[in-house]
Amino acid sequence: MLAIVGLAWIVLLASVAPSRLDLSGGRAILMLCAPPVLLAFLGWTGMQFLAAPGSVPSLPKSAPASMPTPEVAPAPPIPVVRLRIGAWSALTPHGAVTETAEGSKARKQVFKPDKAILHPSGYPAHAGIVDPLDLAATGHVAGTRLRAPRVMTLLAAILDDLHAQQGSLVRREDGPVSVYWLAPDAISGDAAQGAIFARAWQHSAWRDMPYVLQAMAGGEAQLFTVLSALQNGIGQPDVACAIIVGADSLLDTEELAPALALGQVFSSSAPQGFIPAEGAGGIVLWNPDKAPEQMWANAAILGPVSTMPGAATHATMRSVMSAALVASGMDAADIAHVVSDADHRPQASMAVVAAMLEVLAGLDPLEQRLSPMESAGSFGAAADLVHLALAVELASEKPALALGTTGGQCAGVVVMPA
């Protein structure tokens, strides 16, 4: 290219001014080389200028004050510690966990006339009673209808069942076992409360192990409060094993005296449908951060707990269900069963069904909603524990959602299989 430009330059000079064309010495080199080089340089510069992109105006680093920055809603907190349920047990008039689940699905009515509990009219009250309780094993008269002896025997039976499931794992635990007892209101705060649990512990298979008792009043969704606190690291963080247990009996003849108003005992006219009944429940929790993997590898995972104050309305139930699902990262289609304590109270039962139809539309409220209280009555402090134990049992195949409407609070927790 440079040679062609140089040759054209010489031809141009020869034709325009041949008399001035002098090719001798250094003048010839300058005349032949300088103009083509200069012309090539100018051409290259022009091409670079034309090929350069136009300038792009820079974007402002911050939005103007008149344009508010959109806020991003924070994701729901997920507990760092995903507790594992190493053992679970429930004792109702249906029997143990499996029998209770099967009996509740079949909707078998178990209320029987109990002649030890009389209406003011003299007729016996209908009660859901645990018949095979071995009261003599704890040193009490068989057939007694006093609350303290029956609660003590119920606790011992549940502790035995929990130990039978996880006895080999418990023996590896160093130090005392942390025990949370959801005590009935009639026993909570009593001077003999610690003695009642101590006797139940001594009559159970745990008798050789030390324990640290943290007793608290049952009711008002206390179970969900305890679970939420444990997931956030409250209490003794170095303890790998914790027991939550509850038992209650509403068969005390001293409380259900003949002077008791008929409306407080089960009848079709009672708006709340009070039923004298008894039962117990318990779970053993393992902290996977503190226990070897082989101890909890096959245990169920306890999902995040969602609690919300207020009456058990449709909106409250729906919010609690949705919050539990979002926090666990699960889809509504993953849930196979809902276990709730909405029993013979029409308003609470309708609220659960209405919430299921919106949040868990794929479930059949009649077939996949389990409410053992419809058949077993309400046993106060143990009710939520019984529901959680039943949810774990049902979650052996697919996750189940446990839902509590105890007192003035509504709470839910997703139980996932391992």
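The values are calculated or read from the model by the stated rules, or taken from the named source; none is laboratory data. Note that this is a predicted model, so its numbers are computed, not measured. The accessibility values were calculated without ligands, DNA or RNA, using every heavy atom of the protein model including side chains. Shrake-Rupley method; radii C 1.70, N 1.55, O 1.52, S 1.80 Å.
Accessible-area rank, largest first, for Phe111, Phe224: Phe111, Phe224, with all protein chains present and a 1.4 angstrom probe. Surface calculation, 1.4 Å probe, protein heavy atoms: Lys108 sits at approximately 120 Å² accessible. With only the Cα atoms considered, region 310-418 has a convex hull volume of 91 Å³ per residue.
For region 387-396, backbone phi angles converted through the Karplus equation (6.51, -1.76, 1.60; θ = phi - 60°) give residue-by-residue couplings of 5, 5, 4, 5, 5, 5, 4, 6, 7, 5 Hz, Gly and Pro being listed as x.
In the complete set of protein chains, residue-level accessible area for Asp174 is approximately 130 Å², probe 1.4 angstrom.
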